[in-house]
Amino acid sequence: MTVRALVVGSFVTGALALALSQEAGAAALYFEKTLVKTGSEKTCLRFAGDVARNQQFKNVHKGPLEVAGEKDGAYVAITCVGRPNQRAMAVVMSAADSFDVAKRVGHEAASQIKGIICFDTPC
C-alpha cells in the first residue's frame, strides 16, 4: 500500500467520522473524486473554497486539509491530493439523511471544482 493510499484512507476515515458526528442523523454518504486543472494541492484547496462560496455553503470551515460546509441538508467536505508531475485530485464527500440529497450536492460540488480554470501563475 502506498503512502498516498494511506493518507487518503486516513483522511476519508476522519472525514466520515467528522461528518457523521456533525449530523447524528446522517444515513447516507456519497464520495466522488475528480481531477482538477492544476498540479498544486494548495491551488486545488483554493478552488474548493471557490466552490463553497459560489454554491453558498453555510457554516464553512477552511483548514489546511479541507474545505467543508453545509448545503441543502448535506454536510460536504472537499479535500485535495497533490500528485508529483500530475494534476491534483479533489475528493468530495457528502453526508445527508437521504442518499439522493448527498449524491446531488456532492456531485454538484465535484462538477464545479473540475471545471475551474486558474488564470494566475503559478497554478
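What follows is calculated from the coordinates using simple rules that are stated; it is not laboratory data. Everything numeric here is computed off the predicted structure, so don't read it as measured data. Neighbour counts are summed over all protein chains in view; Cβ atoms, including those assigned to glycine, are modelled from backbone coordinates with ideal geometry.
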| said: With the structure loaded, tell me whether residue 52 is of a type in the set (Gly, Ala, Ser), closer than 16 Å to residue 30 by Cα and touching a helix residue (DSSP H, G or I) at 6+ places or on another chain (Cβ under 9 Å) or whether it fails that test. | reply: no
| request: Please tell me if residue 87 is touching a helix residue (DSSP H, G or I) at 6+ places or on another chain (Cβ under 8 Å), charged (D, E, K, R) and in contact (Cβ under 8 Å) with a residue 40 or more places away in the chain. | output: no
| query | Restricting the search to the range 25-48, which residues are under 19 Å from residue 107 (Cβ atoms), surrounded by fewer than 20 Cβ atoms within 10 Å (Cβ to Cβ) and among the small types (Gly, Ala, Ser)? | reply | 27, 28
| note | Within the range 63-105, residues part of a strand (DSSP E or B), over 11 Å from the mean Cα position of the chain (by Cα), over 14 Å from residue 32 (Cα atoms) and not acidic (Asp, Glu) come out as 71, 74, 96
| field | Single residue of the range 76-123 satisfying the filter (crowded, with 19+ Cβ neighbours inside 10 Å and hydroxyl-bearing (Ser, Thr, Tyr)) that is farthest from residue 56 (Cα to Cα) | value | 79
| query | What number of residues within the range 47-59 satisfy the criterion of being more than 11 Å from residue 78 (Cβ to Cβ) and either among the aliphatic types (A, V, I, L, M) or in a helix (DSSP H, G or I) (or both)? | reply | 2
| task | Provide a single number: the residues in the range 79-123 that are within 13 Å of residue 43 (Cβ to Cβ) and of a type in the set (A, V, I, L, M, F, W, C). | result | 11
